[in-house]
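Trainee: Pasting in a structure now, in structure tokens, and then I'll have a few things to ask.
No lab work stands behind these numbers, since they all come straight from the coordinates. Computed from a predicted structure; not experimentally measured. Positions of Cβ are backbone-derived with ideal geometry, glycine not excepted, and every protein chain shown enters the neighbour counts.
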Amino acid sequence: MIMANIIDGKGIALKLREELKTRVEELSAKGTVPGLAVVLVGEDPASEVYVRNKGRACEKAGIKSVQHTLDKDTTQAQLLELIKELNADHEIHGILVQLPLPDHIDEQSILEAISPNKDVDGFHPFNVGRLITGNPVFEPCTPRGIMKLIETTGVDLKGKEALVVGRSNIVGKPIALMLLAKHATVTICHSRTRDLEHAVRMADVVIAAVGVPEMIKGDWIKLGAVVIDVGINRVEGQGLVGDVDFEKACFNAGHITPVPGGVGPMTIAMLLVNTVDSAERMHETKAQEA
């Protein structure tokens with residue numbers, strides 16, 4: 001018997017995208033159509049699916065999506081030249097380079113070449129620095145989506161013990177900073193943490209983003225805790241499972257995200273939100289300069 005409230009990421013994302021349509025229509029009526037450029041290098045099957053889904057989501061929201069698909073042998077210099085062109089294109093408000101890139105291309109150099117004002121992924125050092133200092137321009141899409149999911153539960157993070165399992169630059173580190181900004185007491189655990197079970201048992205909020213199937217056991221979860229499972233792991237005979245033992249965790253958690261249907265849909269929704277935010281800022285700047 002499931003006891004936890006299931007956080008419907010798919011439904012929340014759909015509502016966000018519907019609200020976004022209105023903002024896009026208003027902005028378009030003023031002469032600015034939000035534009036997102038997505039760059040794909042090579043033929044990674046998973047990346048191709050992600051890019052296709054992003055394109056469809058943009059279309060439904062009224063955002064102009066421009067896809068650049070480059071050969072796997074594209075040089076770093078050629079990719080940098082494309083980014084330079086996109087940085088200068090006034091009809092493009094967001095630039096996303098799909099990761100991973102081929103081994104011969106330095107990812108960090110590419111991410112740093114994207115204009116901080118069009119960095120809708122929030123990975124540029126400028127935007128990371130703004131996040132650290134509490135003045136974000138672009139917040140990374142998955143962490144921003146996670147914060148929205150927590151917000152829908154009605155749980156006040158102030159003073160809560162929040163645990164982040166995973167320390168990636170994409171999810172773990174930025175979500176820890178965003179939780180801190182909401183006055184939570186934040187602990188970060190990882191593969192070398194000595195007593196993960198104890199840390200989980202103490203947490204009012206658990207963000208699992210470690211990439212290990214059902215690493216966090218259901219009976220570790222504190223009664224009433226909010227559990228956000230970022231993990232998407234394919235397990236033979238089980239299909240997709242998260243980093244948390246969902247079935248057992250439901251007996252203890254107050255709120256929990258399913259896998260799939262939890263965090264995943266929110267990532268694309270927040271990419272669209274970041275793109276429209278960027279378009280609105282650029283439109284306002286242009287209007288002030290006129």
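Trainee: Using the 10 angstrom Cβ neighbour count as an exposure proxy, how do M178, M270 rank, fewest first?
Mentor: Final ranking by Cβ density, sparse to dense: M178, M270.
Trainee: If each DSSP helix of 4+ residues adds -39,500 (n - 2.57) and the sum is divided by the residues in the chain, what number results at 222 nm, nearest 500 deg cm²/dmol?
Mentor: Calculated from helices alone, the mean residue ellipticity at 222 nm is -14000 deg cm²/dmol.
Trainee: Okay, next question. In the stretch 205-290, which GluC sites (Glu not before Pro) are in a loop and have at most 13 other Cβ atoms within 10 Å, using DSSP for the loop call? Mind showing how you got there, number by number?
Mentor: Details: sites: E214, E236, E247, E280, E284, E289; in loops: E214, E236.
Within the stretch 205-290, the qualifying GluC sites (Glu not before Pro) (loop, at most 13 other Cβ atoms within 10 Å) are E236.
Trainee: Suppose every K and R has +1 on its Cβ and every D and E has -1 on its Cβ; what is the size of the dipole of the chain about the Cα centre, in Debye to the nearest 20?
Mentor: Numbers: 31 positive and 39 negative charges, 159 e Å.
Value, rounded to 20: 760 debye.
Trainee: While we're on this one: Give a quick list of trypsin sites (Lys or Arg not before Pro) in the stretch 152-203 that DSSP marks as loop, anything other than H, G, I, E or B, with at most 11 other Cβ atoms within 10 Å.
Mentor: For trypsin sites (Lys or Arg not before Pro) across the stretch 152-203 that sit outside H, G, I, E and B with at most 11 neighbouring Cβ atoms in 10 Å, the list reads K158, R192, R194.
Trainee: What is the helix-to-structure angle for 172-181, meaning the angle in degrees between its Cα long axis and the longest Cα principal axis of the chain, kept from 0 to 90 and rounded to the nearest 10?
Mentor: 80
Trainee: Give me the mean projected area, in nm² to one decimal, of the convex hull enclosing the Cα positions of the chain. Don't jump to the answer; show the numbers that get you there.
Mentor: Numbers: hull surface 63.9 nm².
Projected over every direction and averaged, the Cα hull of the chain covers 16.0 nm².
Trainee: Dipole of the stretch 140-263, Cα-centred, from +1 at each Lys and Arg C-beta and -1 at each Asp and Glu C-beta, to the nearest 20 debye?
Mentor: It works out to roughly 440 debye.
Trainee: By DSSP, what percent of the beta bridges with both residues in the stretch 140-263 are antiparallel, rounded to the nearest 5?
Mentor: Close to 15 percent.
Trainee: In the structure shown, do any of K60/K148; K72/K148; K10/K64; K30/K118; K10/K286 have a Cα-Cα gap over 26 Å, and if so which?
Mentor: K72/K148; K10/K286
Trainee: Further question: Could you state the principal axis extents of the C-alpha atoms in the stretch 90-245, from the largest down, to the nearest angstrom?
Mentor: Sorted largest first, the three principal extents are 51, 40, 28 Å.
Trainee: Something else now. Full extension from K30 to A88: what is 0.36 nm times the residue separation minus their Cα-Cα distance, to one decimal in nm? Could you put the intermediate results ahead of the total?
Mentor: Numbers: separation 58, 0.36 × 58 = 20.88 nm, distance 2.11 nm.
Using 0.36 nm per residue and subtracting the Cα-Cα distance, I get 18.8 nm.
Trainee: Determine the relative contact order of the stretch 31-115: mean sequence separation of Cα pairs under 8 Å and six or more apart, normalised by residue count, in whole percent.
Mentor: 42
Trainee: Okay, next question. Working from Cα positions, state the angle (0 to 90°, nearest 10) between the long axis of helix 76-88 and the longest principal axis of the chain.
Mentor: The answer is roughly 80 degrees.
Trainee: Could you compute how fast the stretch 142-217 diffuses translationally, taking Rh as the Kirkwood radius over C-alpha pairs and applying Stokes-Einstein at 20 °C with viscosity 1.002 mPa s? Give it in µm² per second.
Mentor: 172
Trainee: With charges set only on the Cβ (+1 for Lys and Arg, -1 for Asp and Glu), what does the dipole of the stretch 69-187 come to about its Cα centre, in debye to the nearest 20?
Mentor: 780
Trainee: Then there is this: Taking the chain as a Gaussian network, Cα atoms linked when under 10 Å apart, which of T185, T275, T257 shows the biggest mean-square fluctuation?
Mentor: The residue that fluctuates most here is T185.
Trainee: Treating the angle as unsigned and between 0 and 90°, give the value, to the nearest 10°, between the Cα long axis of helix 9-29 and the longest Cα principal axis of the chain.
Mentor: 20
Trainee: Only bridges with both residues in the stretch 31-115 count here: give the DSSP antiparallel percent, nearest 5. Write out the running numbers ahead of the final one.
Mentor: On the way: 0 of 11 bridges.
Of all bridge pairs located within the stretch 31-115, approximately 0 percent are antiparallel.
Trainee: Could I ask something else about it? Restricting the count to DSSP beta bridges whose residues both fall in the chain, what percent are antiparallel, rounded to a multiple of 5?
Mentor: Once the DSSP bridges in the chain are tallied, antiparallel ones form about 10 percent.
Trainee: Another question, if that's okay. Enumerate the whole-percent occupancy of each 10 Å bin, from 0 to the last occupied one, for all C-alpha pair distances of the stretch 31-115.
Mentor: For the stretch 31-115, the pair-distance distribution reads 17, 51, 29, 3, 0.
Trainee: Pick from N127, N87, N135 the residue whose mean-square fluctuation is largest in a GNM of the chain, springs joining Cα atoms under 10 Å.
Mentor: N135
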